[in-house]
Amino acid sequence: MIQKYDTEILKLKQKGYVGIKFFPHVFINPNDSLVAKKEFEEVKNGKAFSQITTLARYIYEKQIDIATKNKLVVAIHLGVWGDITDKSPSILFPIVKNHPNTIFDIYHMGIPYIRETAFLGKNYPNVYLNMCWAHDVSESMVLN
């Protein structure tokens with residue numbers, strides 16, 4: 001399955017794609033290959049796939065590895081809309097640390113978690129902070 005995804009990512013890169021995009025909520029789950037394998041067997045046997053599982057985390061980690069190998073940017077949405085509790089930059093610290101050769105583009109400056117997002121960007125040279133939409137959400141938060 002991962003090899004097929006690797007091939008598909010390469011095709012997209014050849015078409016001009018420069019990155020892949022994620023939401024951080026899946027990284028809340030532990031990265032445990034044994035649990036992921038068990039969940040994969042359950043999905044193969046008819047259980048509905050949920051994006052908030054250890055299997056999803058395992059797949060995301062593999063996608064990050066594939067993106068890195070293909071020199072693609074990994075864009076991650078943080079904060080901004082809806083229930084922001086699963087979009088905190090603190091979720092990403094271990095991910096960024098474990099993928100030092102990956103270029104991360106962090107969207108929306110993590111609003112409302114601007115300080116935590118700034119700390120993420122300051123301490124990891126492979127993290128780029130993207131302010132897209134941040135000024136529309138809260139101009140005062142961005143300027144302070």
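The values are calculated or read from the model by the stated rules, or taken from the named source; none is laboratory data. Remember, predicted model here, so these are calculated numbers, not experimental data. Note that each Cβ is placed from the backbone with ideal geometry, even for glycine, and that neighbours are counted across all protein chains shown. For accessibility, only protein heavy atoms count, side chains too; no ligands or nucleic acids. Shrake-Rupley method; radii C 1.70, N 1.55, O 1.52, S 1.80 Å.
Data overview
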| quantity | calculated |
| --- | --- |
| Angle in degrees between helix 2-14 and the longest Cα principal axis of the chain, rounded to the nearest 10 | 50 |
| Kirkwood hydrodynamic radius over Cα pairs of segment 1-85, then Stokes diffusion coefficient at 4 °C and 1.567 mPa s, in µm²/s | 92 |
| Segments 22-29, 42-49, 94-101 sorted - mean Cβ within 10 Å per residue, highest first | 22-29, 94-101, 42-49 |
| Accessible area (Å², per residue) of the chain, counting only protein heavy atoms and a probe of 1.4 Å | 60 |
| Heavy-atom SASA rank of Thr53, Thr85, Thr102 (probe 1.4 Å, accessible area, largest first) | Thr85, Thr53, Thr102 |
| Amide N proximity, segment 11-27 versus Trp81 label position 7 Å along Cα-to-Cβ, cut-off under 14 Å | 23 |
| Nearest-10 value in Å² for the accessible area of Leu120, using the 1.4 Å probe | 0 |
| The chain - convex hull of the alpha-carbon atoms, volume per residue in Å³ | 119 |
| Solvent-accessible ranking of Met109, Met131, largest area first, probe 1.4 Å | Met131, Met109 |
| Computed [θ] at 222 nm, deg cm²/dmol, the chain (DSSP H ≥ 4; -39,500 (n - 2.57); rounded to nearest 500) | -13000 deg cm²/dmol |
